[in-house]
Amino acid sequence: MTHDPRSALLHAALDAAERGWHVFPLRPGTKRPALHGETACPHTGPCTTGHQKWEQRATTDPDRIRAAWSHTPFNIGIATGPSGLVVIDLDMPKDKGTSDAPSGATTFKALCERAGHAVPDTYRTRTASGGEHLYFTAPDGIRLSNTAGTIGELVDTRAWGGYVVAAGSTIPTGRYEALCGSVAAPLPGWLQTILQPAPKPTHARSVPVSTHAPAYAAAALRNEVNNVATATDGTRNTTLLRAARALGRLIASGDLHRTEVEDALSRAAAANATQSQHYYDDVISRGLGWSIANNRGKGRAA
Ligand SMILES: [Zn+2]
């Protein structure tokens, strides 16, 4: 490297801020915030009226960024919450050499295939450990938090309460680099369904769901059951049919059992019924049958 790491990092920080992403300094060569923690708070400067953590102090202001980065080669943290981002973190297994566990990227690709979607095309970075970060813009009106393992093994997310190390940063094991995709795409709806906390049923009884399915399949089942249980009168039948078709894919892939899906959807429909149970069970059966027939043979990948 012939260029000055300070100016390279300054430019990377300004570049992130230009995209509307809120940045803060990480200690040089590390992934740890350079700002003081709550226990060490001097209650001066930005903390005069109470401690401000990195999430509050992260900024898009070029003057503040120049002031911080012109003297010290800080790595760059992006506070995902205030940046309006949801970043999917595809990690590598801890012991790459000896473990045959699939990487987060492999698991995520298989999940996309099973869900019937392409791997989303969006801004992404390669992490120092060889994993990937996929950047998405967060949906309006829903506050998503970090998740660990909700989507799948080694597939975590960073949203409110979290941050990611930005492209241009370097730690002893390697460098964070922008890969492709110039802009962050909106978070796909099917991923949002998995990540958002299940809505609290208002008028309908809550329908408990117990399953031994993988986390993302269980989350999909819970969400669809909630959608059906809370659907308003005019939309219940289409909601039920859509739920059956969505969950049928996960039966075809072997992630859910048909009987547990039928039972859960049937109880959800019954929780707020305006039609006979026979009618709802027929809708469920048709939806599942169609979906399983159309998704059979797509199989589980790794
Ligand atoms: Zn403070």
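The values are calculated or read from the model by the stated rules, or taken from the named source; none is laboratory data. What you see is a predicted model; the values in this text were computed from it and never measured. Cβ atoms come from the backbone with ideal geometry, glycine included; neighbour counts cover every protein chain shown.
General remarks:
- Pairs are defined by a Cβ separation below 7 Å, a sequence spacing of at least 6 or placement on different chains, a first member in segment 34-52 that is over 18 Å from residue 161 (Cβ atoms), and a second member that is more than 7 Å from the ligand (Cβ to nearest atom) and of a type in the set (D, E, K, R); the pairs so defined are 34/27; 46/57.
- Being closer than 23 Å to residue 180 by Cβ and modelled with pLDDT under 95 is a property that residue 118 has.
Quick grid of which residues meet (1) of a type in the set (Lys, Arg); (2) outside any loop (DSSP other than H, G, I, E, B); (3) surrounded by 13 or more Cβ atoms within 10 Å (Cβ to Cβ); (4) within 16 Å of the ligand (Cβ to nearest atom):
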{"residue": "46", "(1), (2), (3), (4)": "no, yes, no, yes"}
{"residue": "68", "(1), (2), (3), (4)": "no, yes, yes, yes"}
{"residue": "81", "(1), (2), (3), (4)": "no, yes, yes, no"}
{"residue": "87", "(1), (2), (3), (4)": "no, yes, yes, no"}
{"residue": "117", "(1), (2), (3), (4)": "no, no, yes, no"}
{"residue": "130", "(1), (2), (3), (4)": "no, no, yes, no"}
{"residue": "133", "(1), (2), (3), (4)": "no, yes, yes, no"}
{"residue": "139", "(1), (2), (3), (4)": "no, no, yes, no"}
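- Cβ-Cβ under 6 Å pairs, at least 6 apart or on other chains, segment 119-132 side touching a residue at least 12 places away in the same chain (Cβ under 8 Å) and closer than 15 Å to residue 154 by Cβ, far side part of a strand (DSSP E or B) and among the hydrophobic types (A, V, I, L, M, F, W, C): 131/90; 132/90
- Scanning segment 48-62 for residues that are under 23 Å from residue 123 (Cα atoms) and either within 16 Å of the ligand (Cβ to nearest atom) or not in a loop (DSSP other than H, G, I, E, B) (or both) gives 55, 58, 59, 62.
- Set side by side, the residues 106, 72, 80, 60 differ, and just one is in contact (Cβ under 8 Å) with a residue 24 or more places away in the chain and either on the phi > 0 side of the Ramachandran plot or touching a Lys or Arg at 6+ places or on another chain (Cβ under 6 Å) (or both), which is 80.
- Residue satisfying all of: in segment 1-40; hydrophobic (A, V, I, L, M, F, W, C) and exposed (fewer than 14 other Cβ atoms within 10 Å of the Cβ); nearest to the ligand (Cβ to nearest atom) among these: 40
- Checking residue 154 against (1) surrounded by 20 or more Cβ atoms within 10 Å (Cβ to Cβ); (2) out of contact with any Asp or Glu (no Cβ under 7 Å at 6 or more places or on another chain); (3) of a type in the set (A, V, I, L, M), the condition it does not meet: (2)
- Within segment 161-189, the set of residues being in a loop (DSSP other than H, G, I, E, B), more than 20 Å from the chain's Cα centre (by Cα) and within 25 Å of residue 53 (Cα to Cα) comprises 168, 169.
- In the set 255, 263, only one residue is part of a helix (DSSP H, G or I) and charged (D, E, K, R); that residue is 263.
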